[in-house]
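Working notes for the structure below.
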Ligand SMILES: [Zn+2]
C-alpha cells in the first residue's frame, strides 16, 4: 500500500516515506491561548486528528506534538484589557480548548508543550543562530537576517522581492532588511519575560515552534501540519530558523519532510470575521450540535479544499449520523476493535481522502442494512472509528448529552400519572414543556421513550 500526501514544500502529491517507519513523528501548530477557539481552529484540529488516527492505524508508533502558544502579544493585550493574570487567562483557555477537543473526539497529542515551558531551549536556539551568523542583535531585539538563508521562500514560493514588498508596512528602523523577523524581543519591566544573553525579553512566535518541535521530535521529523494561513510567514520562518540552526540545506529535505496544510474555513461562502457577524467559536456550535456531527460535516470536505461552513450542512450531517446510529441500534452484539477494511484504508492513504472514505462508509452502511449481521456491523464501526466517528453507544447517542436527565425522567413520570388520571390537558402540557427543553417523547408498547430533538 502506498501512502501519499500533498507536500506544500514540493507542491505535489508525494509518496510518504517516514524517516523511521517504526515511529512516525508529526508536529502541528496549536492555538495561541487567549480566547475561545473558533470553528476554523476546529477544522485544523479535526483534520490533523484524523491524520493522527490514520497513521496510528497503519504504523506501529506515532508521536504527535501540538503546542500551546502561551506567551504572545495577544495574551498580553488581553491581560491589559481585563486585568486578569496571564496564567489565569492561559490556564482557562487551555481548559476550554481541551473540553472543545474532547467533544469533537479529537485525541490528545502525545505531547502538548507550552511555549513558557520551553524557554531555555528557545534561548539556546537564538544563541546558536547568532553564533552561526544568521541572526543579529539590534535595540534589544534579535532578528533573523533573511538574506543569509538561500532557501528563504522555499515553502511559500515567494521571491525575496515579494517578501520585502509585503513586509514594507511599518518596517522597524533597526531591521537590516524589511523581511527580517524577530527571534527575541525585549519586555518592559513588569511585563512577562525571561532573562537571556540578549536581555530581559520573550521569544518570537515562529521561534517557539522550531524549539518545541526539536525538543519533542528531534531535529528532523516526518510531518509538519497547520492551516494554509500559516505557510507564510510562520512556517517559512520556522524553516529558515531550523534549517540554519541544524546546518541543513533547503534542497535536501530536513527539519520536516512533509508540510501538510489544511484549507480555510468559510461561513456561507464568506470569510469568517467578527465584523461580518459570521464568527463562531467552537463552543457556539457545540451548544447546538453534537461534536460528532460537526466532525462528520468537516471531514466531508477534503482537507486541502476550502470548507464552506453552513448550518444546513450541519443539519444534513446530523440526519446522516442519526441514520448511522439507528442502524447500530438494530443489530445487537458488541463489536471488537479490528483493522478497518482495506478499501477504506486505501481511500485515506490517498492524501487523506476523507470524502472518499465517507462514501465507502455509506456503502458499508447499506451493506449492514442489507445483511443485518454482526460482521457487517464490525466493518462499518471499525471504519468509522478511524475517522473518529460512531464512538458512542447508540442508546447514548439518541439520548444525547443531557445534564438534566433526572428532571426529564421526573416529568415523564408526572405525565404518566396525569394520563392515568385521564388529565390529558396536563399530559399535553408536560409534553410541550419537554419539547421546549429540547426533548421529544414517544409512547411505545414498552413505555415512554425520549430523545434529544
Ligand atoms: Zn507553529
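The values are calculated or read from the model by the stated rules, or taken from the named source; none is laboratory data. Not measured: the values here are computed from a predicted model. Cβ coordinates were reconstructed from backbone atoms using ideal geometry, including for glycine residues, and neighbour counts include every protein chain displayed.
Check whether at least one residue in segment 176-183 is touching a residue at least 60 places away in the same chain (Cβ under 8 Å), more than 16 Å from the ligand (Cβ to nearest atom) and surrounded by fewer than 20 Cβ atoms within 10 Å (Cβ to Cβ), and report yes or no. Looking for residues that are touching a residue at least 60 places away in the same chain (Cβ under 8 Å), more than 16 Å from the ligand (Cβ to nearest atom) and surrounded by fewer than 20 Cβ atoms within 10 Å (Cβ to Cβ), one finds none in segment 176-183, hence no.
When you check residue 148 against the structure, is it closer than 21 Å to residue 254 by Cα, away from the ligand (no atom under 16 Å from the Cβ), touching a strand residue (DSSP E or B) at 6+ places or on another chain (Cβ under 9 Å) and touching a residue at least 60 places away in the same chain (Cβ under 8 Å), yes or no? Yes, satisfied.
Give the residue that is surrounded by the fewest Cβ atoms within 10 Å (Cβ to Cβ), with candidates limited to residues of segment 72-86 that are within 16 Å of the ligand (Cβ to nearest atom) and assigned to a helix (DSSP H, G or I). Checked segment 72-86; the qualifying residue surrounded by the fewest Cβ atoms within 10 Å (Cβ to Cβ) is 73. I'd like the full set of residues that are outside any helix (DSSP H, G or I) and either closer than 19 Å to residue 451 by Cβ or under 40 Å from the mean Cα position of the chain (by Cα) (or both), limited to segment 402-426. Those that are outside any helix (DSSP H, G or I) and either closer than 19 Å to residue 451 by Cβ or under 40 Å from the mean Cα position of the chain (by Cα) (or both): 402, 403, 404. Just so you know, in segment 7-36 the residues that are within 24 Å of residue 344 (Cα to Cα) and under 18 Å from the mean Cα position of the chain (by Cα) include one that is farthest from the ligand (Cβ to nearest atom), and it is 25. Please count how many residues of segment 218-235 are surrounded by 24 or more Cβ atoms within 10 Å (Cβ to Cβ) and more than 10 Å from the ligand (Cβ to nearest atom). The total comes to 3.
The condition of being surrounded by fewer than 22 Cβ atoms within 10 Å (Cβ to Cβ), at pLDDT 95 or above and within 16 Å of residue 312 (Cα to Cα) holds for residue 267. Only strands (runs of 3 or more DSSP E) whose full extent lies in segment 191-303 are considered here, and the ones with at least 3 residues that are within 30 Å of residue 356 (Cα to Cα) are 221-227, 256-262, 265-267.
Can you say whether residue 280 is touching a residue at least 60 places away in the same chain (Cβ under 8 Å), more than 16 Å from the ligand (Cβ to nearest atom), within 16 Å of the chain's Cα centre (by Cα) and surrounded by fewer than 21 Cβ atoms within 10 Å (Cβ to Cβ), as far as the supplied structure shows? Taking the combined requirement at face value, the residue satisfies it. Any residue that is surrounded by fewer than 22 Cβ atoms within 10 Å (Cβ to Cβ), part of a strand (DSSP E or B), in contact with a strand residue (DSSP E or B) (Cβ under 7 Å, 6 or more places away or on another chain) and without any contact (Cβ under 8 Å) to a residue 40 or more places away in the chain - is there at least one of those in segment 13-34? Taking every residue of segment 13-34 in turn, at least one turns out to be surrounded by fewer than 22 Cβ atoms within 10 Å (Cβ to Cβ), part of a strand (DSSP E or B), in contact with a strand residue (DSSP E or B) (Cβ under 7 Å, 6 or more places away or on another chain) and without any contact (Cβ under 8 Å) to a residue 40 or more places away in the chain. Given the criteria within 16 Å of the ligand (Cβ to nearest atom), modelled with pLDDT of 90 or more, part of a loop (DSSP other than H, G, I, E, B) and surrounded by 14 or more Cβ atoms within 10 Å (Cβ to Cβ), does residue 156 qualify? For residue 156, the condition - within 16 Å of the ligand (Cβ to nearest atom), modelled with pLDDT of 90 or more, part of a loop (DSSP other than H, G, I, E, B) and surrounded by 14 or more Cβ atoms within 10 Å (Cβ to Cβ) - is met.
If I filter segment 57-71 for residues that are part of a helix (DSSP H, G or I) and surrounded by 21 or more Cβ atoms within 10 Å (Cβ to Cβ), do I get at least one hit? Looking for residues that are part of a helix (DSSP H, G or I) and surrounded by 21 or more Cβ atoms within 10 Å (Cβ to Cβ), one finds none in segment 57-71, hence no.
What residue, of 336, 323, is touching a residue at least 12 places away in the same chain (Cβ under 8 Å), surrounded by fewer than 16 Cβ atoms within 10 Å (Cβ to Cβ) and not in a loop (DSSP other than H, G, I, E, B)? Only one candidate passes the filter, namely 323. Please indicate, with yes or no, whether at least one residue in segment 37-53 is within 16 Å of the ligand (Cβ to nearest atom), part of a loop (DSSP other than H, G, I, E, B), in contact (Cβ under 8 Å) with a residue 60 or more places away in the chain and closer than 22 Å to residue 277 by Cα. Yes. Within segment 375-389, is even one residue touching a strand residue (DSSP E or B) at 6+ places or on another chain (Cβ under 8 Å) and at pLDDT 90 or above? No, because not a single residue in segment 375-389 is touching a strand residue (DSSP E or B) at 6+ places or on another chain (Cβ under 8 Å) and at pLDDT 90 or above. Just one of the numbered conditions (1) more than 16 Å from the ligand (Cβ to nearest atom); (2) in contact with a helix residue (DSSP H, G or I) (Cβ under 9 Å, 6 or more places away or on another chain); (3) under 28 Å from residue 302 (Cα atoms) is not true of residue 89: (3).
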